[in-house]
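What follows draws every value from the coordinates through simple rules; no lab data is involved. Keep in mind the model is a prediction, meaning the values are calculated, not measured. Because the Cβ atoms are built from the backbone with ideal geometry, glycine has one as well, and the counts that use them run over all protein chains shown.
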Amino acid sequence: MNLPNKLTVFRMILILPFVLLLLGNFHQWGFITVLFGGIMEYVDYIALAIFIIASLTDLLDGKIARKYNLVTNFGKFMDPLADKLLVCAALICLVEMGRIPAWIVILIISREFIISGFRLIASDKGVVIAASYWGKFKTTFQIVMVCLMIANIEKLQLVTNIIMWIALALTVISLIDYIWKNRGVMSDVK
């Protein structure tokens, strides 16, 4: 369990408090309001801070693993899974909060399942498919979108909507690019 793998596990652990803070209606629980009264109005921002920290661990674990040659099978499998869990959990919370349409989240999550299935088939054939630049742009815009939607700043609503549409477009473009570039993987699937 090297440092990059610990960061991956830490990112997965952060998902629970992140979701609880976003969706836990703490105002219903009188004793929590009494104990943490002044903090309660900042719950979304605390959740946002956790999401940003978790997102930064994603950036760090990959850089550290490559720089110090600490790439492991555990990391190859769990790092992308942790990323998907974090973003999908955030998007589902945002649907529940009424900040993003469900159909957009369904498209984004569907893309992740399709790519994961594609990667499984490729790995079965001994082919490792690296992330493309389109996929990296998609992830960046999704993270920015989630941050803006959690912050829910009225004056940034137009920017948030533009980022959402860009993230959605990149989701579709990256899926098409991924499948097209790796279409040979599906050629002899039985």
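Things worth noting here:
- Cross-link reach list, aspartates and glutamates versus residue 136, counting only Cα pairs under 20 Å and skipping chain neighbours closer than eight places: 58, 61, 79, 83, 112, 177
- R0 of 45 Å, Cβ-Cβ distance residue 46-residue 114: FRET efficiency to nearest 0.05: 0.85
- Extension gain, residue 179 back to residue 77 (0.36 nm per residue minus Cα-Cα distance, nm): 34.7 nm
- Equivalent ellipsoid dimensions for the chain as semi-axes, Å, which come from the Cα gyration tensor, largest first: 32, 21, 14
- Remark: the residue 156-residue 63 segment gains 30.3 nm on full extension, using 0.36 nm per residue and subtracting the alpha carbon distance.
- Between helix 73-96 and the chain there is an angle of about 40 degrees, using the helix long axis and the longest principal axis of the Cα atoms.
- The long axis of helix 157-181 is offset from the longest Cα principal axis of the chain by roughly 20 degrees.
- When each of the peptides 64-76, 162-174 is scored by the mean number of other C-beta atoms lying within 10 Å of its residues, the order from highest to lowest reads 162-174, 64-76.
- Pairs from 67/125; 138/181; 84/138; 63/125; 84/155 whose Cα-Cα separation, in the structure shown, is over 24 Å: 67/125; 63/125; 84/155
- Take every Cα pair under 8 Å whose residues are at least 6 apart in sequence, average their separation, divide by the length of the chain, and the relative contact order is 24 percent.
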